[in-house]
Amino acid sequence: MKTAGKKQKKITKPILWIVLIIIAIIQIFPLIWLIDFSLASSNEMFTSGLLIIPKKIQWGNYVKAFVDGHFLLYFKNSILINVLAVVIVVLVSIMTAFACRRMRWRLSGFTKTLLLMGMMIPIHATLLPNYKIYSQLGLTDTIWALLIPYVAFSLPQGLFLMTSFIDQIPLELEEAAIMDGCGIYRIIFRIITPMLKPSMATVAIMAFLNNWNEFMMASTYLSSPKWKTLPFSVLEFTGQYSSNYAVQFAVMALTAAPAVIVYIILNKHITKGVAMGAVKG
């Protein structure tokens, strides 16, 4: 029986590796395709085949994307808005999850359910109502026009994940801190928060990735270039009758690069955070 089990494991392991490699290739291929087309000329875009072998590598596409696409301005706006949104989402998720899971008050369950219902609201359903509200309040074409909805749509997911993480922290730690005279905010930021680093990384990267390439709300609430974000760079190379597709692909590659880098840096923390949130009891 042991011999049969070992043989089965020897057969299963290579199959598992093959399946995982195929899945990895499928996941990575769009990025490879994007970089490949960004290095070709616009005339080579319509050749047959999934990939192109450029006759001459067009590094000039990236130069045009960087200079003519207002890349630095839009990149600065994207970084500022997304960093502020991530910080707010993480802090509010921690405090709200702690209040709903650790503090006993009558409407805690209702409040949590109400906030989590935000995950069921489609973004498109809020565009026109929000635009009317922002127009009346004078918030269109300001940083608040993006910061408010980015936080609002990321918060339910952050709360959902953070409550699972907080459930894994022993209640005895907080009881001991109370016995030593710690206040509520000291417990949250000195005891609970340091133990939530993996989960904070998970919430942060998910909020960042959800908002980084967002275009629907940005195009609805913004018209002046002052607060436009990176996805608008693609439109700089879109004409009425023709578009510079090669440079557009270069813009997309430059836009995707920060998100890929952030994920690579925080990958270990995300894995720990997901594992921490999955363990029950």
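The values are calculated or read from the model by the stated rules, or taken from the named source; none is laboratory data. Computed from a prediction, not measured in an experiment: that's the story for all the values here. Neighbour counts are summed over all protein chains in view; Cβ atoms, including those assigned to glycine, are modelled from backbone coordinates with ideal geometry.
Side notes on the structure shown:
- Residues located in the range 169-189, provided they are farther than 15 Å from R101 by Cβ, exposed (fewer than 10 other Cβ atoms within 10 Å of the Cβ) and not charged (D, E, K, R): M179, G181, Y185
- Count - residues of the range 140-161 that are out of contact with any Lys or Arg (no Cβ under 8 Å at 6 or more places or on another chain) and not in a helix (DSSP H, G or I): 3
- Scanning the range 80-91 for any residue that is under 27 Å from D141 (Cβ atoms), of a type in the set (S, T, N, Q) and surrounded by 12 or more Cβ atoms within 10 Å (Cβ to Cβ) turns up at least one such residue.
- One residue from I192, I148 being buried (at least 17 other Cβ atoms within 10 Å of the Cβ), more than 19 Å from the chain's Cα centre (by Cα), at negative phi and modelled with pLDDT of 80 or more: I192
- 2 or more residues of a type in the set (S, T, Y) and farther than 30 Å from V63 by Cβ: qualifying helices (runs of 4 or more DSSP H) within the range 162-257: 197-212, 216-221
Table: residues versus (1) of a type in the set (D, E); (2) farther than 21 Å from L230 by Cβ; (3) without any contact (Cβ under 8 Å) to a residue 12 or more places away in the chain.
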| position | (1), (2), (3) |
| --- | --- |
| Q27 | no, yes, yes |
| I52 | no, yes, no |
| K64 | no, no, no |
| L72 | no, no, yes |
| K76 | no, no, yes |
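- Every pair of residues 6+ apart whose Cβ atoms lie under 7 Å, when the first sits in the range 210-228 and is farther than 15 Å from A152 by Cα while the second is surrounded by 21 or more Cβ atoms within 10 Å (Cβ to Cβ) and aromatic (F, W, Y): K228/Y74
- Residues of the range 167-190 that turn out to be touching a residue at least 60 places away in the same chain (Cβ under 8 Å) and either small (G, A, S) or touching a Phe, Trp or Tyr at 6+ places or on another chain (Cβ under 6 Å) (or both), as a count: 1
- Selected residue (only one of K76, K112 is assigned to a helix (DSSP H, G or I), of a type in the set (K, R) and buried (at least 18 other Cβ atoms within 10 Å of the Cβ)): K112
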